[in-house]
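Inspection log for the structure reproduced underneath, given as structure tokens.
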Amino acid sequence: MQLFIFRQVLKNKQACDKIIVYILHFFRRMIYLEKFIVKGKGELKGSVRISGSKNAALPILCATILCGEEVILEDVPELKDVEILCEVLRGLGVEVVHKEKNVYVINAKEITNTVTGEELMSKMRASFCVMGPLLSRMGHTANALPGGCAIGTRPIDLHIKGFKALGAEVIISHGMVEASAKKLIGDDIYLDFPSVGATQNIMMAAVLAEGETTIENAAMEPEVVDLSNFLNKMGAEIRGAGTSTIKIKGVKKLHGCRHQIIPDRIEAGTFMILAAATGGEILIENVISNHMRPVIAKLKECGVTIFDNGDTINVISHGKVKAFDIKTLPYPGMPTDMQAQFMALATLAEGTSVVIETVFENRFMHADELKRMGANINIDNKTAIVQGVQKLRPAKVKATDLRAGAALIIAALTVDGETEISDVYHIDRGYENVIEKFRKLGADIKRVNV
Ligand code: UD1
């Protein structure tokens, strides 16, 4: 409306559009220029409430496409990635109402478009998860190819393999991937790797297909289980989510429902490591401790005391931790999304730690940033050897991706002095109220625009 009035006043649409593009560009640059200034103050203490899981919320938002009735989602984290996905859904004709903090009311009664272009796809890879539900409900979907990202090439061959097995014709050309099918028919699909996104996308494609689909070597992550629970609440018939074999019996139609997103296990793990690294004591609230097994086990091994109360976890550090080894694996193994934070902890551990990354091929970029702070890290292919040092020092560092950014905050909070972290828009993609939550624990951290 304001834009319309603005246009009328200027009576020159072209000039007006140029000004709008300039203003948007200016604001975008402002966001990219934001930095965090962090000063280490020793122990952090207090409690932190974990937000809803980003990685559960994103596919569940996509799954709302499958039903033409109202869906209410609670505990949706207020994050940039969620905003972008809502923009993608609106572009498809879905009604998305941000009703109140963390609550979205979504109605996909009419889908008016099945194509998502490069502009939105390039902002967030998870937008690719609209393909399964669109194919299932509309028989057609076309998306810009997600392409590579900071942590690796991240192909989508397994998603496509699944769509084809269900009977879709898939064409890749001019940077777009298009899938269409008059009717999807259930089949047996074996995933060469238990990809989280492929498991979720195929599950969503299969819920309205004719007959039964079996996904073997499926991802077992809690976010897959949350999606399955949500789909079943809408009337789907899915069994086995959380195991490596998921069976989906196609149904004719889904109906509206209300669903609360599970707590974010990666955010919880990040604060647990924060307590361990700063010698502090942090009570983690709103967590499902069963999802935290690998993190709890590793922190105990390093000498950290953990009280596991099911939906809260108390983490008590006793100063320096012992060196440890981790190897990232699909769930229930150590999450790759915790690797950077554990590496930050290892930089200050007593002895030599070994960190092996097996899930993504290029996920050690934070090592160079930690080295700027005085860390002693040597990388050979997928293995990082981290020799613990007495202290890290202040430096100017860059958040190269989301979890790398979290690792740098943890490291910076142990430093005697001021650390400047740039490119913090990555951190805002995945951590809700990040500054407020760290400050509540006593951290000296502020956002600046330079
Ligand atoms: C999800 C998470 C991400 C997490 C990752 C692994 C979301 C929004 N993101 O990403 O935070 O780090 O799981 O736990 O939930 N692969 C293929 N072919 C495919 C698909 C994947 O080779 O078609 C490979 C990838 O390149 C990667 C590995 O499988 O090496 C794991 O990827 P995947 O489990 O699919 O991760 P995402 O779903 O993208």
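The values are calculated or read from the model by the stated rules, or taken from the named source; none is laboratory data. Here the structure is a predicted model, which means the values were calculated and not measured. Cβ atoms come from the backbone with ideal geometry, glycine included; neighbour counts cover every protein chain shown. The protein model used for the area step is the full one, side chains on, heavy atoms only, and it has no ligands, DNA or RNA in it. Shrake-Rupley method; radii C 1.70, N 1.55, O 1.52, S 1.80 Å.
Brief remarks follow.
- Residue-by-residue Karplus 3J(HN,Hα) for the range 357-371, coefficients 6.51, -1.76, 1.60, Hz, glycine and proline x: 9, 10, 8, 10, 8, 9, 10, 10, 5, 5, 4, 5, 5, 5, 5
- A cut-off under 10 angstrom between Cβ atoms defines the neighbours of residue 365, and their net charge, with Lys, Arg +1 and Asp, Glu -1, is -1.
- Loop sites in the range 89-124: GluC sites (Glu not before Pro), DSSP, at most 16 other Cβ within 10 Å: 110
- Carbon plus sulfur fraction of accessible area for the chain, probe 1.4 Å, in percent: 52 percent
- Here the dipole of the range 299-450 is about 300 debye; that uses its Cα centre as origin and unit charges on the Cβ of Lys and Arg (positive) and Asp and Glu (negative).
- Principal-axis analysis of the Cα atoms of the chain puts helix 54-63 at an angle of about 0° to the longest axis.
- On Cα atoms only, tilt of 13-33 relative to the major axis of the chain in degrees: 30 degrees
- Where the Cα pairs of the chain fall when distances are cut into 10 Å bins, in %: 4, 20, 29, 25, 16, 5, 0
- Normalised by 2.2 N^0.38 Å, where N is the number of residues, the C-alpha radius of gyration of the range 223-265 stands at 1.19.
- Backbone amide hydrogens, once placed in the peptide plane, bring residue 51 within less than 5 Å of 264, excluding anything fewer than 5 places away on its chain.
- In a simple Cβ point-charge model (Lys, Arg +1; Asp, Glu -1; nothing else charged), the chain has a dipole of about 920 debye relative to its Cα centre.
- The fraction of all Cα pairs in the range 193-293 landing in successive 10 Å bins from 0 to the largest distance is 15, 38, 26, 14, 5, 1, given as whole percents.
- Angle in degrees between helix 80-91 and the longest Cα principal axis of the chain, rounded to the nearest 10: 10 degrees
- Taken over the range 385-445, the ratio of Cα radius of gyration to 2.2 N^0.38 Å equals 1.13.
- Along the axis of the charge dipole computed for the chain (Cβ charges of +1 for Lys and Arg, -1 for Asp and Glu, origin at the Cα centre), the listed residues 162, 419, 259 are led at the positive end by 419.
- Neighbour-limited loop hits for GluC sites (Glu not before Pro), the range 286-393 (at most 12 other Cβ within 10 Å; DSSP other than H, G, I, E, B): none
- Comparing 82, 245, 397 along the charge dipole axis of the chain, the residue lying farthest to the positive side is 397, per the Cβ-charge model.
- Debye-sum result for the range 61-130 in log10 I(q)/I(0), which assumes one identical scatterer on each alpha carbon, at q = 0.16, 0.21, 0.27 Å⁻¹: -0.49, -0.86, -1.33
- Residue ranges 58-70, 33-45 sort as 58-70, 33-45 when ordered by packing (mean number of other C-beta atoms within 10 Å per residue, highest first).
- Three-way shape call for the range 96-225 based on the alpha-carbon gyration tensor, with the a/c threshold at 1.5: rounded
- Measuring nothing but how far apart in sequence close Cα pairs (under 8 Å, 6+ apart) lie, relative to its length, the chain scores a relative contact order of 19 percent.
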